[in-house]
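A short reminder: the numbers here are calculations on the coordinates, not readings from a lab. This one's a predicted model, so the numbers in the text were calculated from it and none came from an experiment. Reconstructed Cβ throughout: ideal geometry from the backbone, glycine too, with neighbour counts over all protein chains shown.
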Amino acid sequence: MTKETILVVDDEKEIRDLITIYLKNEGYEVLQASDGEEGLLLLKQHKVHLIVLDIMMPHVDGIQMCRKVREIAEMPIIMLSAKTQDMDKIVGLTMGADDYVTKPFNPLELIARIKSQLRRYLKMSSAEIQDAHEIEIGDMQINIATHEITVAGQKVKLTPREFSILELLARNQGIVMSAQQIYERVWQEEAFQSDNTVMVHIRKIRERIESNPRNPQYIKTVWGVGYKIEKDH
């Protein structure tokens, strides 16, 4: 039986309960939140495969939550809204939503869209897992399974934390990641004045993998924004 976990975020309890009944009938695990703040807290505590997210909510609304989720995760997000204007749909999709359903909705249609998004996401995640045992960037090979790194044929030793930072950047080539994002993903806790901590770790990684740390070939600094490894290095 399917055991993916769906997070339903809506300030109307009747709608949350209705969606939950249909999802549980399909074998899904369901988490409920009444606003974006509660939803973000549940995301930190549970592995979630898809989010059904209402736009209009008190405190942290759906647009704000969608934006925050996209800073840390890639699971599908289906937005719910009573509004029918195209602009609301555009805003939701621009913030990173994968689909958009207008209230009132047919629960069976919502379930069909959830299944479609999950199929795509799980297939893509499975392919990423299979392809990500070893990452090659220029003369550097990163073996995810064994935590071994070679640069120009020479083995390089990193601490577990340093390896996690390098792996994160290598898996997200071409994407600039802020010090805060790196800290929260690697340390698994909320970032508080994390810039120096991340900067020190980046410097140590560069000292080990770069032939010239002052002019890095692999980990680039995007001033005022963060760090990245170029795509198709």
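Structure notes:
- In this simple spin-label approximation, Glu148 and Leu108 carry label points 7 Å from Cα along the Cα→Cβ vector, and these lie 5.6 nm apart.
- Around the Cα centre of region 5-130, unit charges on the Cβ atoms of Lys, Arg, Asp and Glu (plus for the first two, minus for the last two) sum to a dipole of about 440 debye.
- With N the number of residues in region 5-130, Rg(Cα) / (2.2 N^0.38 Å) evaluates to 0.97.
- Secondary-structure-derived ellipticity at 222 nm for the chain, considering helices only, amounts to -14000 deg cm²/dmol, per-run term -39500 (n - 2.57) for DSSP H runs with n ≥ 4.
- Among Met177, Ile149, Asn215 - extreme Cα towards positive end, dipole of region 134-229, charges at beta-carbon: Asn215
- Cβ-based charge dipole, the chain, positive-most Cα from Ile63, Tyr121, Leu23: Tyr121
- Extending 7 Å from Cα along the Cβ direction at Thr221 and again at Thr159 yields two label points whose distance is 2.0 nm.
- Each listed q (0.13, 0.15 Å⁻¹) maps to a log10 I(q)/I(0) for region 134-229, found by the Debye formula over equal Cα scatterers with no solvent: -0.40, -0.53.
- Selected from Ala33, Leu93, Ala73, residue furthest toward positive end of dipole (region 7-116; charges at beta carbon): Ala73
- Computed log₁₀ I(q)/I(0) - Debye formula, equal Cα scatterers, no solvent, the chain, q 0.11, 0.13, 0.14 Å⁻¹: -0.66, -0.86, -0.94
- Residue order, fewest to most beta carbons within 10 Å, for Asp35, Asp195: Asp195, Asp35
- Other residues whose C-beta falls under 10 angstrom from the C-beta of Tyr121 contribute a net charge of 0, scoring Lys and Arg +1 and Asp and Glu -1.
- Cα-centre dipole for region 1-56 with unit charges at Cβ (Lys and Arg positive, Asp and Glu negative), debye to 20: 360 debye
- Calculated FRET value between Asn212 and Phe192, using beta carbons and R₀ = 25 Å, to 0.05: 0.15
- Check: the chain dipole with +1 on Lys, Arg Cβ and -1 on Asp, Glu Cβ, in debye: 620 debye
- Mean Cα-pair separation over length for the chain, i.e. relative contact order, pairs under 8 Å, 6 or more apart, %: 12 percent
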